[in-house]
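Notes follow once the structure below has been shown.
The values are calculated or read from the model by the stated rules, or taken from the named source; none is laboratory data. What you are looking at is a predicted structure, and each value in this text was computed from that prediction instead of being measured. All Cβ positions, even for glycine, are placed from backbone atoms using ideal geometry, and neighbour counts span all protein chains on display.
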There are 2 protein chains.
Amino acid sequence: MTVTVVGSVAFDSLETPFGRRERILGGAATHFSISASMFTDVRVVGVVGDDFGADELERFHAKGIDTTDVERVAGARSFFWEGRYDNDMQVAQTIETQLNVFADFDPKLSDASRNASMVFLANIQPDLQRGVQEQCGGARITGLDSMNYWIESARESLLRTLSGVDVVMLNDAEVRMLTGEANLKTAAAQLRGHGPRVLVIKQGSYGACMCTEEGFFFVPGMPLDRVVDPTGAGDAFAGGFFGYLDSHADDPFEESSLRRAAAYGSVMASFAIEDFGSERLERLTHAEVVERCTEFQRLTAFEHLAARERVTAR
Amino acid sequence: MTVTVVGSVAFDSLETPFGRRERILGGAATHFSISASMFTDVRVVGVVGDDFGADELERFHAKGIDTTDVERVAGARSFFWEGRYDNDMQVAQTIETQLNVFADFDPKLSDASRNASMVFLANIQPDLQRGVQEQCGGARITGLDSMNYWIESARESLLRTLSGVDVVMLNDAEVRMLTGEANLKTAAAQLRGHGPRVLVIKQGSYGACMCTEEGFFFVPGMPLDRVVDPTGAGDAFAGGFFGYLDSHADDPFEESSLRRAAAYGSVMASFAIEDFGSERLERLTHAEVVERCTEFQRLTAFEHLAARERVTAR
């Protein structure tokens with residue numbers, strides 16, 4: 001079983017209340033693949049410049065991630081993003097974006113990547129996502145992420161692309177922007193009406209909710225002592241979600257499997273933000289994953305006595 | 001068993017995307033008492049003008065709520081608030097506030113109100129809250145709500161008051177404002193350090209979280225087809241929370257009791273916002289309360305297999 005992820009592999013410079021890091025390993029496909037690698041085999045499809053060296057590749061290989069389809073463009077530089085988070089850690093302020101090799105990204109999938117059991121289209125131009133998706137007809141599940149930029153500039157293409165995938169992951173503002181609906185229940189029904197069976201709505205520090213044919217499922221944000229760097233939390237969620245489904249679910253569309261996948265997604269996102277870049281996920285252990293999943297379960301568990309007692313007075 | 005609530009009893013004029021209502025029954029103590037009356041006996045302490053007539057009082061009496069301590073000031077008018085909600089239904093825009101009789105509110109408690117088993121101090125000036133709390137030394141649990149206005153204008157008094165109650169209910173912005181802490185875990189620990197054993201952090205449409213000595217407990221917002229009027233949702237939550245504890249909990253500080261109370265609080269808040277003012281709560285049935293509590297439980301339930309299977313690949 002293998003998950004293929006297509007998206008950005010990049011360098012990030014970050015400033016948060018906890019410090020500053022220059023040109024650390026970043027990019028959506030990076031965060032996704034390191035997260036998913038906790039659960040299953042991963043192949044990453046992306047493009048880098050010759051500033052991306054053996055040390056960076058080794059970080060992937062140490063997690064068993066196959067980088068055969070990471071194209072390297074000589075004489076060019078990798079995608080670079082510089083951002084800053086203020087005290088509330090909710091919204092990243094972009095200081096600088098250099099697309100570099102990413103401007104002409106044309107994902108090239110080997111047969112092995114094309115034949116993966118699951119495929120995740122991280123946030124790239126929707127036409128490119130659709131091109132990849134059409135090459136991966138045998139995948140058990142396909143999913144995508146997107147962003148406000150594509151909703152504004154390529155809305156029709158995005159709707160066409162998402163109508164062909166199984167799982168759509170967006171944040172709540174993006175869901176409202178794409179549907180024009182303020183009510184989340186109505187918006188979710190409208191989006192699922194385009195085709196995807198599963199919608200995951202990311203809600204930042206509040207957690208995430210999933211909408212399937214059986215209704216809504218919520219996972220709260222884990223209260224943490226320190227949120228050091230929220231970059232890549234959504235990609236780490238997606239990595240845990242697809243990684244779990246790929247490795248454990250006989251029927252990945254079964255409600256109980258999807259709920260566990262969302263829980264493991266939240267587990268991975270909660271770890272991801274505890275340190276800069278992917279540093280926390282790279283040193284994560286099996287025991288820590290299991291323990292935090294138990295903590296997540298406890299965050300919302302209550303015993304409902306109403307069935308056996310009269311709750312109301314009148 | 002009786003819960004006493006002290007706070008505003010008022011008229012509200014409201015405009016939401018679902019319509020407009022003129023001078024309907026409102027006020028924090030109103031929403032609280034109608035909600036709590038589903039579970040236990042309630043006494044309301046407040047002040048109204050002579051525009052507040054027999055029809056309004058009958059709405060309370062129909063729910064078994066004792067209004068003996070609702071003082072009526074002749075020749076004066078009741079507290080009036082006019083507000084508007086835009087499409088996102090998140091924040092109320094105040095059009096007009098007329099304090100009227102509420103400007104000189106001096107809560108007068110009968111022995112019966114003073115001797116209640118639980119007391120809730122809805123959002124009023126913190127000195128007044130403390131005055132009431134000091135009269136109710138025998139209550140099993142006392143709780144309070146407040147708002148940004150008092151945090152800014154009467155911070156020290158509010159901290160003194162909350163140090164003497166058991167349960168503090170604030171929204172997340174208020175918790176951050178009061179503590180100066182962006183991190184919710186740190187802020188919650190700091191606030192509980194002032195004395196209250198239980199902190200309930202209201203998170204608007206995202207739901208609510210409770211912090212006790214055993215950690216955090218989250219209840220999500222129920223996705224609803226129509227959110228007609230969010231006014232009073234927090235007071236309806238508080239009413240369900242204290243009403244449930246008063247009627248059902250042998251030890252109201254037991255974690256399982258507190259969690260169920262927070263769940264019933266969320267149930268009542270979710271109904272409250274389905275119609276204008278307190279209309280939905282006034283026609284609520286026992287069966288509806290029980291059914292929605294089950295729905296809440298289902299919103300977050302997942303089976304965690306990690307204990308008996310190896311989750312991670314490496």
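Just a few scattered comments:
- When restricted to residues that are surrounded by fewer than 23 Cβ atoms within 10 Å (Cβ to Cβ), assigned to a helix (DSSP H, G or I) and of a type in the set (A, V, I, L, M), segment A:137-174 contains 3.
- Residues (exposed (fewer than 13 other Cβ atoms within 10 Å of the Cβ) and of a type in the set (A, V, I, L, M, F, W, C)) located in segment B:76-114: B:V91, B:I95, B:A103
- Of all residues in segment B:298-314 being at pLDDT 95 or above and facing chain A (nearest Cβ under 7 Å), the one that is surrounded by the most Cβ atoms within 10 Å (Cβ to Cβ): B:T300
- Only listed residue being farther than 25 Å from A:G131 by Cβ and more than 21 Å from the chain's Cα centre (by Cα), chosen from A:R59, A:R21: A:R21
- Scanning segment A:163-199 for residues that are under 19 Å from the mean Cα position of the chain (by Cα), in contact (Cβ under 8 Å) with a residue 24 or more places away in the chain and closer than 18 Å to A:P252 by Cβ returns A:G164, A:V165, A:D166, A:V167, A:V168, A:M169, A:P196, A:R197, A:V198, A:L199.
- Checking the stated criteria, A:R197 turns out not to satisfy the condition of being within 13 Å of chain B (Cβ to nearest Cβ) and surrounded by fewer than 24 Cβ atoms within 10 Å (Cβ to Cβ).
- Scanning segment A:264-282 for residues that are away from chain B (no Cβ under 13 Å) and over 12 Å from the mean Cα position of the chain (by Cα) yields A:D275, A:F276, A:G277, A:S278, A:E279, A:R280.
- As for segment A:88-102, it holds at least one residue that is under 17 Å from A:A10 (Cα atoms) and assigned to a loop (DSSP other than H, G, I, E, B).
- The numbered conditions (1) modelled with pLDDT under 95; (2) under 18 Å from the mean Cα position of the chain (by Cα) are all true for A:G7 except (1).
- Residue list for segment A:87-100, filter: within 14 Å of chain B (Cβ to nearest Cβ) and closer than 16 Å to A:F276 by Cβ: A:M89
- Search result, residues across segment B:109-136 that are under 18 Å from B:P252 (Cβ atoms), not hydroxyl-bearing (S, T, Y) and not in a helix (DSSP H, G or I): B:N115, B:A116, B:M118, B:V119, B:F120, B:L121, B:C136
- Apart from one condition, B:F39 fits all of (1) touching a strand residue (DSSP E or B) at 6+ places or on another chain (Cβ under 9 Å); (2) closer than 26 Å to B:Y149 by Cα; the exception is (2).
- Candidate set from segment A:9-36 (those that are aromatic (F, W, Y) and touching a strand residue (DSSP E or B) at 6+ places or on another chain (Cβ under 8 Å)); member that is surrounded by the most Cβ atoms within 10 Å (Cβ to Cβ): A:F32
- Residue that is farthest from B:F302 (Cα to Cα), among those in segment A:221-265 that are of a type in the set (S, T, Y) and surrounded by fewer than 24 Cβ atoms within 10 Å (Cβ to Cβ): A:S247
- For A:E274: the one exception among (1) buried (at least 24 other Cβ atoms within 10 Å of the Cβ); (2) closer than 23 Å to A:G27 by Cβ: (1)
- Residue match in segment B:118-135 (condition: in contact with a Ser or Thr (Cβ under 6 Å, 6 or more places away or on another chain), under 21 Å from B:T40 (Cβ atoms), crowded, with 17+ Cβ neighbours inside 10 Å and of a type outside the set (S, T, N, Q)): yes
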